[in-house]
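Asks: Pasting a structure below so you can have a look.
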Amino acid sequence: MSEAQKLLIWRLSMAVLMAAGIWSVRDAGWDVVWRSGPFLLRGIGATLLLTVISVSIGLAGGVVLAILRLFAPPGLRHLAIGYIEVLRAIPQLMVIFWVFYTWPAITGSSVPGWWAAVISLSMIAAAYLAEVVRAGILSVPKTQWESGYVTGLSALQNMTRIILPQAGRNMLPALISHFIMMLKTTSLVYVVGIIDFFRAIIIVNNRDFAPAALYLTMAAGYFVGCYALSWLVRRIEPRYALTT
């Protein structure tokens, strides 16, 4: 049997399984999803907004942390290493709890749920992206550093004009993968009262109880978002095609 025939059989098998799955949930309460569409779309919007903001802030923080870890004097370098290692080692939900519950207990000043979500997700993103940025910087050949200094650039100019642009291209697959991770991590902010896509689904299910339709909608929503980002990587650079 040729590879083309095997591929055709696999595709037909998947199509049959998908058709059977769709048929089995035809009466799962899809009218609930339709009626709640605007509410769920607002939840999707909140999820996307949180993801974009946290990754943007986290990337800026990650660049600073990576540079401190690579080039700062011992004291600052150890602080950066400590921050990165601690944030990467503890559960992400604990970071959200720290910001929302522990900080007000220490300072006596409450943190609104939205800001707690933004701050905690940005802290998480910065810790993870710092290692991505550090790997990207180290991937730039030493000759590129030397070339910048030979032309008379300062250390800051060399970093911003030569090293980081090249490192950014090398980091692209990892950055998109982290974006995907943060898209899913936003589901944790329901604990501070944010109505994101995850919490919106839970609220609708508690009201109308249509778990099959609603949870399948949730899975489809996250899958489409994550797959679209993976597809984007393949479109930008074919040799970066994700295999996981």
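The values are calculated or read from the model by the stated rules, or taken from the named source; none is laboratory data. In this text the structure is predicted, and so the values were computed from the model without any measurement. Reconstructed Cβ throughout: ideal geometry from the backbone, glycine too, with neighbour counts over all protein chains shown.
Asks: Can you pull out every residue in segment 146-170 that is out of contact with any Gly (no Cβ under 6 Å at 6 or more places or on another chain) and closer than 30 Å to Arg235 by Cα?
Replies: Residues satisfying the conditions are Met159, Thr160, Arg161, Ile163, Leu164, Pro165, Gln166, Gly168, Arg169.
Asks: Working only within segment 72-84, note down all residues that are touching a residue at least 24 places away in the same chain (Cβ under 8 Å) and more than 16 Å from Leu121 (Cα to Cα).
Replies: Ala80
Asks: Right, here's the next one. If the Cβ limit is 9 Å and pairs must be 6+ apart or interchain, which residue in segment 95-124 that is surrounded by fewer than 14 Cβ atoms within 10 Å (Cβ to Cβ) pairs with which residue that is of a type in the set (Ser, Thr, Tyr) and not in a helix (DSSP H, G or I)?
Replies: Hits for this filter: Pro104/Ser110.
Asks: Here is a further query. Being surrounded by fewer than 16 Cβ atoms within 10 Å (Cβ to Cβ) and within 24 Å of Lys184 (Cβ to Cβ) is the filter here, so list the residues in segment 54-75 that pass it. Let's see the steps before the verdict.
Replies: At the first step, the residues of segment 54-75 found to be surrounded by fewer than 16 Cβ atoms within 10 Å (Cβ to Cβ) are 56, 60, 64, 70-71, 73-75.
Ser56, Ala60, listed by residue number.
Asks: A follow-up question, please. For Thr186, indicate whether it is part of a helix (DSSP H, G or I) and within 26 Å of Val118 (Cα to Cα).
Replies: Judged against the criteria, Thr186 is a match.
Asks: Restricting the search to segment 177-209, which residues are under 17 Å from Ser56 (Cβ atoms), buried (at least 19 other Cβ atoms within 10 Å of the Cβ) and not hydroxyl-bearing (Ser, Thr, Tyr)?
Replies: His178, Phe179, Ile180, Met182, Leu183, Val189 - these are the residues of segment 177-209 that are under 17 Å from Ser56 (Cβ atoms), buried (at least 19 other Cβ atoms within 10 Å of the Cβ) and not hydroxyl-bearing (Ser, Thr, Tyr).
Asks: Here's something else I'd like to know. Of the conditions (1) more than 19 Å from the chain's Cα centre (by Cα); (2) modelled with pLDDT of 90 or more, Met182 fails just one. Which one is it?
Replies: (1)
Asks: Cβ contacts < 8 Å: first residue without any contact (Cβ under 8 Å) to a residue 12 or more places away in the chain, restricted to segment 147-166; second residue surrounded by 12 or more Cβ atoms within 10 Å (Cβ to Cβ) and polar (S, T, N, Q), any location; separation 6+ or different chain. Result?
Replies: Tyr149/Asn158
Asks: Name the one entry in Val140, Val150, Val192, Val133 that is more than 18 Å from the chain's Cα centre (by Cα), hydrophobic (A, V, I, L, M, F, W, C) and under 22 Å from Ser54 (Cα atoms).
Replies: None of the others qualify; the one that does is Val192.
Asks: For segment 29-148, list the helices (runs of 4 or more DSSP H) that sit wholly inside it and hold at least 2 residues that are closer than 19 Å to Ala174 by Cα and among the polar types (S, T, N, Q); which are they?
Replies: Details: elements: 30-35, 37-71, 74-89, 92-97, 103-107, 113-139.
Counting at least 2 such residues, we get 37-71, 113-139.
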